[in-house]
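In what follows, a single structure is set out as structure tokens and then discussed.
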Amino acid sequence: MFDYLIVGAGFAGSVLAERLASVENKKILIIDKRNHIGGNAYDHYDNEGILVHKYGPHIFHTNSKEVFDYLSKFTEWRHYQHKVLADLDGQQVPIPINLTTINTLYNLQLSSTELEDFFASKAEDVQQVRTSEDVVVKAVGRDLYNKFFRGYTQKQWDLDPSDLDASVTARVPTRHNKDDRYFTDTYQSMPLRGYTRMFEKMLDHPNIKIMLNTNYHEITGSLPFKKMIFTGPVDEYFDYCYGKLPYRSINFKFETLDQPQFQKTGTVNFPNDYAFTRITEFKYLTGQKHHKTSLVYEFPTAEGDPYYPIPRPENAELYRKYKALADTSETYFVGRLATYKYYNMDQVVAQALHTLKKIQAETAKKPVGDELTA
Ligand code: FAD
Ligand code: UDP
């Protein structure tokens, strides 16, 4: 008899499996419908022996010491600060927009202070920032919004930024200095031997059994467990009873070139040209030395695996209905798909660690496993 059936072996499921097994000495069955652990952070060596991320580029960054210290139990790190260039108007300039971006784009020699005045002269007066358009036009004005954000967002989400919550483009700040890092978090590092190795260590515990290629529908009636933790799409769990929650998917096109290097930074964004949004060259992220190089192109699409919840008011409204069901259910819902939140990896780890505390508090009141769920 398992204490917990955990559905999904990504960050949410694996962190909880590890904590419940190690700290609470619970017996865990963790399953995944895919043929591997790691969820969307899964990485593997391609045919040429280059480490690639199967579900697109995953760069770890966090301000949480708790999250970083926790993951450090399972991996060493390679310090890596991600840089991104935007390819537009025949040149490649830093994104987030910074001093170098503006000086290069407009052939100027502004100082940081002059750049603040420049932005102020372009910025639109938005009283209430609600949408992804508002965020950008208020910070840098419409011209830069059109160049860097409008087309990219349309491709990525199939929506105009004015139809998306402010939080989406707010992920990308504006800078007045020359800092050209994509992230400014305190901890920015990649697992030294890759994400999958880190997950293998996390799940390597005598109390944890892993079952791959298994959809939870196939086993819930036949395998005994006391409690379930679900990390897949919340609408799927409830048989889409209120209708489908919209998710955005991506087709990944991988390519290996017979040359050691392809582009100038880990990622190059293409806001206005081509059907893909960005190209990532993995060796920048992993630090691997190889005479060839592997890239991934991201083509956003409506069909396919659910990767991104789509932050906009009508979807939040629909999610609230599912959340009301989830709140009354015996099952715990954790992770990006199960809580319909555009979370980064570190936020999912933090959410899983928080769920552990919730479970501990609840079991302190009432021992888990009084009744059978299967
Ligand atoms: P997942 O990793 O999605 O795990 C859920 C698992 O549940 C999956 O393996 C799935 O197969 C399984 N599952 C679902 N339904 C069932 C079922 N019915 N039965 C059995 N198994 C099921 N975050 C960052 O911090 N930095 C980045 O650079 C970054 N880049 C990203 C790039 C892309 C293209 C994408 C899509 C995401 C990126 N993320 C990034 C976000 C990151 O992938 C997520 O935050 C994290 O992986 C979510 O973990 P999770 O466990 O919630 O979900
Ligand atoms: N974005 C944009 N242009 C860019 C980079 C980002 O318009 O050059 C917008 C776009 O809507 C994107 C969002 O900002 O979906 C968040 O970008 P991020 O790089 O964080 O996306 P992720 O890595 O999660 O796909």
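Bear in mind these aren't lab numbers, they're just calculated from the coordinates by the rules spelled out. All values reported here derive from a predicted model rather than from experimental measurement. In this analysis, Cβ positions are derived from the backbone assuming ideal geometry, glycine residues included, and neighbour counts consider all displayed protein chains.
Quick notes
- Pairs of lysine residues in the range 230-374 that meet both criteria, 8 or more places apart or on different chains and Cα atoms under 12 Å apart, total 4.
- In the range 43-149, lysine pairs with alpha-carbon atoms under 19 angstrom apart (chain gap of 8 or more, or interchain): 5
- For the pair Gln81 and Asn107, label points projected 7 Å from Cα toward Cβ lie 3.1 nm apart.
- Where labels lie 7 Å past Cα in the beta-carbon direction, separation of His290 and Tyr342 in nm: 3.1
- Stretch gain in nm, segment Asp160-Lys244, where the contour uses 0.36 nm per residue and the Cα spacing is subtracted: 28.1 nm
- Multiplying the residue separation of Tyr274 and Glu66 by 0.36 nm and subtracting their alpha-carbon distance yields 70.8 nm.
- Computed over the chain, the quotient of the alpha carbon radius of gyration and 2.2 N^0.38 Å is 1.05.
- Label zone (Ala364, point 7 Å along Cα-to-C-beta; backbone nitrogen cut-off 15 Å) within the range 11-36: 24.
- For the chain, the mean residue ellipticity at 222 nm estimated from helices alone is -8500 deg cm²/dmol, where every DSSP H run of n ≥ 4 contributes -39500 (n - 2.57) and the total is divided by all residues, rounded to the nearest 500.
- Gain in span if fully extended, Ser222 to Ser167, counting 0.36 nm per residue against the direct Cα distance: 15.6 nm
- Cα gyration tensor category, rounded, prolate or oblate, for the range 148-244 with a/c compared to 1.5: oblate
- Separation of the Phe299 and Ala324 label points, Cα + 7 Å toward Cβ, nm: 4.1
- In the elastic network of the chain, a GNM with C-alpha springs shorter than 10 Å, the most mobile of Gln128, Gln263, Gln360 is Gln128.
- On the basis of the beta-carbon distance and an R0 of 35 Å, Asp117 and Glu317 show a calculated FRET efficiency of 0.30.
- Of all DSSP beta bridges in the chain, antiparallel share, percent nearest 5: 65
- Using a Gaussian network model of the chain in which every pair of alpha carbons under 10 angstrom is joined by a spring, one finds that among Ser222, Ser132, Ser162 the greatest mean-square fluctuation is at Ser222.
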